[in-house]
Amino acid sequence: MLCDLSAVGFGPFSLIYARTYGDEFAVELTEQVSYYDVNFALFGTNQVDTDEERLVLTQQSGCILSPGMGAKMQVSDGYRQLHLRIERFALERCLEQMLGRHVVGPVRFRTGMDLTVPALASWARGIRLFVRDLDEVSGLSAFGPELSPWASFVMTGLLLAQPHDHSAQLAQRLAAPARPPSVKRVVELIERDPGGDLSLARLSAVSGVGPRSLQRSFRRHTGVSPREYIQSVRLARAHEDLVAGAGATVADIALRWGFNHVPRFAHAYKERYGVPPSTTLRASQAEMMTLKDRFRS
């Protein structure tokens, strides 16, 4: 059996194309995935066995493996497949923004994907457009993941189209009355300047209502208090910098995002992401050193 692989990264996700030659063969994912892995069959079939169910992937059906899942795959001769791998905390951050509150992940998607359902069919067509756009010198992807709308489309579209364990809450949030201007102004300030002065006095001044009224209204429309929302945003920004290695020390990054007590930051970070911030930073720095060594050679 032979296999051709090609991959491209784009911000928080990557696309991997695989094509096999020869007899059908079996593959077992011995390590549980740490990302969200969407699998599309482009030609042939793939029988996917998880602990809970058996699925057969065709051009009309795909699957998504959530973090922590393992799987066995039996692919047909000449099978062609596209993997879309989404970084776990980027997708969970996207869901938090849609819900307006902190999410305890990982998100658990329904594994089977019916690509004939209108919303998923539209989303899958969008993925194909993105693949073609990557080859366009002046396409939207040329602006990079920070400015291009593709990252938002991929994650928001998946969360809206594919059922998961937060779908009911998301539906309620989308059907809820619009946030009042006072809450909108506070949320915009927090998202725009999470490392700045976000005292209750400043938030109240920005909102145009008193502190107690703001706290009641904020919780009613976001599900959390202003302090909880601020910590969630600050942790997410710190995580992004730690993953990117954008700081010499954990303390540098913690202080940048408004955490004045580094041990408390480290405790909150580990509680949310499962590892100390120093572990994330060391892994990022080690990866950068490896890339530099490869470049030198």
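The values are calculated or read from the model by the stated rules, or taken from the named source; none is laboratory data. In this text the structure is predicted, and so the values were computed from the model without any measurement. Cβ: placed from backbone, ideal geometry, glycine included. Neighbour counts: every protein chain shown.
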Considering only residues that are surrounded by fewer than 13 Cβ atoms within 10 Å (Cβ to Cβ) and of a type in the set (A, V, I, L, M), which ones fall in the stretch 159-186?
A168, A171, L174, A175, A176, A178
Report yes if some residue within the stretch 53-72 is in the same structural domain as F10 (by TED's automatic domain parsing), among the hydroxyl-bearing types (S, T, Y) and under 25 Å from A244 (Cα atoms); otherwise report no.
yes
Does the stretch 151-158 contain any residue that is touching a Leu at 6+ places or on another chain (Cβ under 6 Å), outside any helix (DSSP H, G or I) and crowded, with 17+ Cβ neighbours inside 10 Å?
no
Could you count how many residues in the stretch 91-150 are of a type in the set (F, W, Y), touching a residue at least 40 places away in the same chain (Cβ under 8 Å) and farther than 20 Å from A41 by Cβ?
1
Go through (1) within 21 Å of the chain's Cα centre (by Cα); (2) within 20 Å of R237 (Cα to Cα) and name the single condition G196 misses.
(1)
(1) in contact (Cβ under 8 Å) with a residue 12 or more places away in the chain; (2) more than 14 Å from H102 (Cβ to Cβ); (3) outside any helix (DSSP H, G or I); (4) not charged (D, E, K, R) all hold for V224 apart from (2)
For the stretch 199-221, how many residues are in a helix (DSSP H, G or I), over 24 Å from the mean Cα position of the chain (by Cα) and surrounded by 17 or more Cβ atoms within 10 Å (Cβ to Cβ)?
7
Any idea which of S225, S232 is assigned by TED's automatic domain parsing to the domain that holds L281, of a type in the set (S, T, Y), closer than 29 Å to E87 by Cα and under 23 Å from the mean Cα position of the chain (by Cα)?
S232
Qualifying position, being of a type in the set (A, V, I, L, M) and under 30 Å from E52 (Cβ atoms), among L134, L198, L158
L158
For the stretch 115-128, does any single residue satisfy the condition of being in contact with a Leu (Cβ under 8 Å, 6 or more places away or on another chain), outside the structural domain of E228 (by TED's automatic domain parsing) and over 23 Å from V33 (Cβ atoms)?
yes
Per the filter on the stretch 58-84, residues closer than 16 Å to W123 by Cβ and not hydroxyl-bearing (S, T, Y) are Q59, Q60, G62, C63, I64, L82, H83, L84
Identity of the residue in the stretch 242-256, surrounded by fewer than 20 Cβ atoms within 10 Å (Cβ to Cβ) and at pLDDT 90 or above, that ends up farthest from H102 (Cα to Cα):
T249
